[in-house]
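Have a look at the structure below before the remarks.
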Amino acid sequence: MSRILIVEDEAIIRTALRRLLERHAFQVSEAGSVDEALALEPRGFDLVISDLRLPGEPGTDLIEHAAPVPVLIMTSYASMRSAVESLKLGAVDYVAKPFDHDELLETVSRVLQQQASPRSTPPDITDAGGSRQPMIGECAAMQSVYTRIRKTAPADVTVLIQGESGTGKELVARAIHQQSQRAGAPLICVNCAAIPETLIESELFGHEKGAFTGASAARTGLVEAADGGTLFLDEIGELPLDAQARLLRVLQEGEIRRIGSVETRHVDVRLIAATHRDLRALSKTGEFRLDLYYRLNVMQIDLPPLRERDDDILLIADVLLDKACQRHQRDGLRLSRAARREIRDYPWPGNVRELENALERGVILAEGHLIHPDDLGLRPSQPSRPPPEAQPPVEEHFEGDPGGEGEDLSLEDYFQHFVLEHQDHMSETELAQKLGISRKCLWERRQRLGIPRKKQARRSSA
């Protein structure tokens with residue numbers, strides 16, 4: 001039976017809370033102030049639930065005195081900003097008064113369950129601005145990720161990170177690099193899908209002056225720039241076959257050769273790759289080299305999608321909301337209960353990136369001090385179909401003719417039809433030009449619509 005200490009100066013609230021917890025098989029003790037709580041030895045309990053405002057010292061003083069016992073802070077809705085400050089001081093969570101019984105019991109059970117199970121400490125990550133903050137997440141899947149990062153980082157082996165788009169693969173790569181022996185050397189991050197096929201070998205491996213049209217000067221490639229450090233290749237499944245062959249030599253021999261050069265250069269690079277695709281399945285269709293897959297998959301880390309991370313969703317939402325409020329100077333904004341339920345129940349196909357965008361919308365659109373579900377725009381109501389004359393023709397957005405599919409053909413239908421019909425004899429760059437979009441936009445729409453990319457025939461090296 002878990003022992004809980006309630007610290008609350010209002011006798012009515014304290015008694016009601018004690019009865020609620022005792023009905024659910026908790027052993028409860030009471031105190032009316034920090035001094036009374038200290039007399040009861042708070043470290044002998046499994047959980048301390050304390051009001052923020054108490055006679056004498058504030059409830060947050062118990063965070064240090066009770067450690068390592070978790071302290072759950074209670075606060076009124078008017079003091080939400082103080083509650084956030086208490087989290088920064090080390091409170092495990094907070095509940096707002098008047099509290100919902102089910103919500104309180106759920107929070108208490110979750111905190112006690114977390115204390116009962118061994119935890120892995122989330123790794124700290126230094127961002128581009130130099131500030132450090134830990135990765136966010138406490139679910140079992142993320143605990144496994146943290147353990148794998150801790151064990152893998154110092155081993156200096158190749159790592160393959162797998163997970164859906166927007167799950168934080170680059171954050172994991174940064175954590176591995178910053179906990180490795182190469183932390184003082186550069187970390188070079190490359191999105192393979194964002195570089196045109198005709199340029200990617202030059203970007204990665206460099207070129208000599210005059211190696212091809214437009215090569216007016218020699219250039220150092222990104223692999224060479226990462227010498228001594230870590231190279232992170234995101235969406236490596238989009239790497240062309242020629243570039244895959246060159247990358248394999250880097251992993252096998254530690255050598256690169258710039259395009260147009262006969263000179264071989266030695267490099268010492270740790271490779272971390274990431275993808276949302278099944279590389280083994282791609283190797284069976286000839287789209288990815290099987291030998292490269294085996295070289296990459298020395299150590300694998302699987303990132304869970306946001307919809308499978310339970311209460312982590314709200315933890316991440318609170319952190320992202322605080323950052324969005326700072327960017328837009330909207331201090332004091334918080335999520336309504338309905339908005340929190342909406343965030344918890346939404347499937348998040350775009351994962352953390354989609355969550356960040358939704359909260360950004362909410363901060364911008366919120367009228368008062370609360371963000372409501374409508375402000376998040378997660379489930380927009382379907383507008384009534386405008387009359388035919390008000391609909392812009394598809395031809396205003398894309399070039400070409402899908403072959404008489406009908407005037408009400410949607411843009412996504414047109415995109416899918418055009419790509420499937422022409423990808424066998426057009427490169428990705430040519431497809432993007434015909435559709436009037438960037439190559440990166442073409443790749444993103446492929447992922448959203450589930451249209452596999454067909455690799456082009458191997459090109460001769462420059």
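The values are calculated or read from the model by the stated rules, or taken from the named source; none is laboratory data. The shown structure was predicted, so the numbers you read here are calculated from the model rather than taken from an experiment. Here the Cβ is made from the backbone with ideal geometry for all residues, glycine too, and neighbour counts use every protein chain on show. Note: accessible area is taken over every heavy atom of the protein model, side chains too, but ligands, DNA and RNA are not part of it. Shrake-Rupley method; radii C 1.70, N 1.55, O 1.52, S 1.80 Å.
Just give me the residues in the range 29-49 being without any contact (Cβ under 8 Å) to a residue 40 or more places away in the chain and over 15 Å from residue 18 (Cβ atoms), in sequence order.
Filtering the range 29-49 for residues without any contact (Cβ under 8 Å) to a residue 40 or more places away in the chain gives 29-43.
Once the filter is applied, which keeps residues that are without any contact (Cβ under 8 Å) to a residue 40 or more places away in the chain and over 15 Å from residue 18 (Cβ atoms), the range 29-49 yields 33, 34, 35, 38, 39, 41, 42, 43.
I'd like the full set of residues that are buried (at least 16 other Cβ atoms within 10 Å of the Cβ) and assigned to a loop (DSSP other than H, G, I, E, B), limited to the range 240-256.
Listed by number, the list holds a single entry, 240.
Confirm whether residue 179 is at pLDDT 90 or above and either of a type in the set (Asp, Glu) or open to solvent by 20 Å² or more (accessible area, probe 1.4 Å) (or both).
Against the criterion (at pLDDT 90 or above and either of a type in the set (Asp, Glu) or open to solvent by 20 Å² or more (accessible area, probe 1.4 Å) (or both)), residue 179 qualifies.
Residues of the range 1-30 being more than 21 Å from residue 98 (Cβ to Cβ) and among the small types (Gly, Ala, Ser), which ones?
The answer is 2, 25, 29.
Since residue 209 meets every condition but one in (1) at pLDDT below 90; (2) part of a strand (DSSP E or B), which condition does it not meet?
Tallying (1) at pLDDT below 90; (2) part of a strand (DSSP E or B), residue 209 fails exactly one: (2).
Being closer than 30 Å to residue 306 by Cβ and in a strand (DSSP E or B): is that true of residue 160 here?
yes
Search the range 297-307 for residues being more than 11 Å from the chain's Cα centre (by Cα) and not in a helix (DSSP H, G or I), and hand back the single one that is nearest to residue 356 (Cα to Cα).
That would be 302.
For residues in the range 12-33 being within 13 Å of residue 54 (Cβ to Cβ) and of a type in the set (A, V, I, L, M, F, W, C), which is least open to solvent (accessible area, probe 1.4 Å)?
Among them, the one singled out is 31.
Please tell me if residue 267 is within 25 Å of residue 181 (Cα to Cα), of a type in the set (Val, Ile, Thr) and open to solvent by 10 Å² or more (accessible area, probe 1.4 Å).
yes
Return the only residue of 291, 310, 331 being within 30 Å of residue 150 (Cβ to Cβ), out of contact with any strand residue (DSSP E or B) (no Cβ under 9 Å at 6 or more places or on another chain), assigned to a loop (DSSP other than H, G, I, E, B) and among the charged types (D, E, K, R).
Just one listed residue meets the conditions, 310.
Give the residues of the range 335-366 that are farther than 13 Å from residue 313 by Cβ and either modelled with pLDDT under 90 or in a helix (DSSP H, G or I) (or both), sorted by residue number.
Within the range 335-366, 337, 338, 353, 357, 360, 361, 362, 363, 364, 365 meet the criteria.
Could you check the range 426-455 and list, in sequence order, the residues that are part of a loop (DSSP other than H, G, I, E, B) and either open to solvent by 30 Å² or more (accessible area, probe 1.4 Å) or at pLDDT 75 or above (or both)? Full working, then the answer.
Let us first name the residues in the range 426-455 that are part of a loop (DSSP other than H, G, I, E, B), namely 426-427, 436-438, 450-455.
Of everything in the range 426-455, those that are part of a loop (DSSP other than H, G, I, E, B) and either open to solvent by 30 Å² or more (accessible area, probe 1.4 Å) or at pLDDT 75 or above (or both) turn out to be 426, 427, 436, 437, 438, 450, 451, 452, 454, 455.
When you scan the range 223-239, how many residues do you find that are open to solvent by 10 Å² or more (accessible area, probe 1.4 Å) and either closer than 22 Å to residue 193 by Cβ or in contact with a strand residue (DSSP E or B) (Cβ under 6 Å, 6 or more places away or on another chain) (or both)?
Within the range 223-239, the subset open to solvent by 10 Å² or more (accessible area, probe 1.4 Å) is 224-225, 227-228, 234.
Those still in the list that are either closer than 22 Å to residue 193 by Cβ or in contact with a strand residue (DSSP E or B) (Cβ under 6 Å, 6 or more places away or on another chain) (or both) too: 224-225, 234.
Final tally of qualifying residues: 3.
For the range 195-222, which residues satisfy the criterion of being open to solvent by 50 Å² or more (accessible area, probe 1.4 Å) and not β-branched (Val, Ile, Thr)? Lay out the reasoning, then the answer.
First, pick out the residues of the range 195-222 that are open to solvent by 50 Å² or more (accessible area, probe 1.4 Å): 198-199, 209-210, 212-214, 216-220.
Hits for the range 195-222 are 199, 209, 210, 212, 214, 216, 217, 218, 219.
Of all residues in the range 93-112 being open to solvent by 50 Å² or more (accessible area, probe 1.4 Å) and in a loop (DSSP other than H, G, I, E, B), which is modelled with the lowest pLDDT?
Looking at residues that are open to solvent by 50 Å² or more (accessible area, probe 1.4 Å) and in a loop (DSSP other than H, G, I, E, B), I get 98.
When you go through (1) in contact with an Asp or Glu (Cβ under 9 Å, 6 or more places away or on another chain); (2) modelled with pLDDT of 90 or more; (3) open to solvent by less than 10 Å² (accessible area, probe 1.4 Å); (4) of a type outside the set (Val, Ile, Thr) one by one for residue 185, which number turns out not to apply?
The one condition residue 185 does not meet is (3).
Under 9 Å between Cβ atoms, which residue pairs at least 6 apart in sequence (or on different chains) link something in the range 54-70 that is more than 18 Å from residue 32 (Cα to Cα) with a partner that is of a type in the set (D, E, K, R) and part of a helix (DSSP H, G or I)?
67/43; 68/43; 69/43
Would it be correct to say that residue 344 is under 30 Å from residue 245 (Cβ atoms), among the basic types (Lys, Arg) and either open to solvent by 50 Å² or more (accessible area, probe 1.4 Å) or touching a helix residue (DSSP H, G or I) at 6+ places or on another chain (Cβ under 8 Å) (or both)?
On the way: under 30 Å from residue 245 (Cβ atoms): no; among the basic types (Lys, Arg): yes; either open to solvent by 50 Å² or more (accessible area, probe 1.4 Å) or touching a helix residue (DSSP H, G or I) at 6+ places or on another chain (Cβ under 8 Å) (or both): yes.
Considered against the rule, which asks whether it is under 30 Å from residue 245 (Cβ atoms), among the basic types (Lys, Arg) and either open to solvent by 50 Å² or more (accessible area, probe 1.4 Å) or touching a helix residue (DSSP H, G or I) at 6+ places or on another chain (Cβ under 8 Å) (or both), residue 344 comes out as no.
Residue 43 - would you say it is part of a helix (DSSP H, G or I) and surrounded by fewer than 19 Cβ atoms within 10 Å (Cβ to Cβ)?
Judged against the criteria, residue 43 is a match.
Taking residue 278, is it of a type in the set (D, E, K, R) and under 23 Å from residue 175 (Cβ atoms)?
No.
So, of the residues in the range 140-160 that are open to solvent by 20 Å² or more (accessible area, probe 1.4 Å) and among the hydroxyl-bearing types (Ser, Thr, Tyr), which turns out to be nearest to residue 177 (Cα to Cα)?
Only one residue fits best here, namely 158.
Restricting the search to the range 283-328, which residues are open to solvent by 10 Å² or more (accessible area, probe 1.4 Å) and of a type in the set (Phe, Trp, Tyr)?
293, 294
Give the range 249-306 a look and list any residue that's among the acidic types (Asp, Glu) and either in contact (Cβ under 8 Å) with a residue 12 or more places away in the chain or more than 18 Å from residue 238 (Cβ to Cβ) (or both), or say none.
Matches in the range 249-306: 253, 255, 263, 268, 287, 291, 302.
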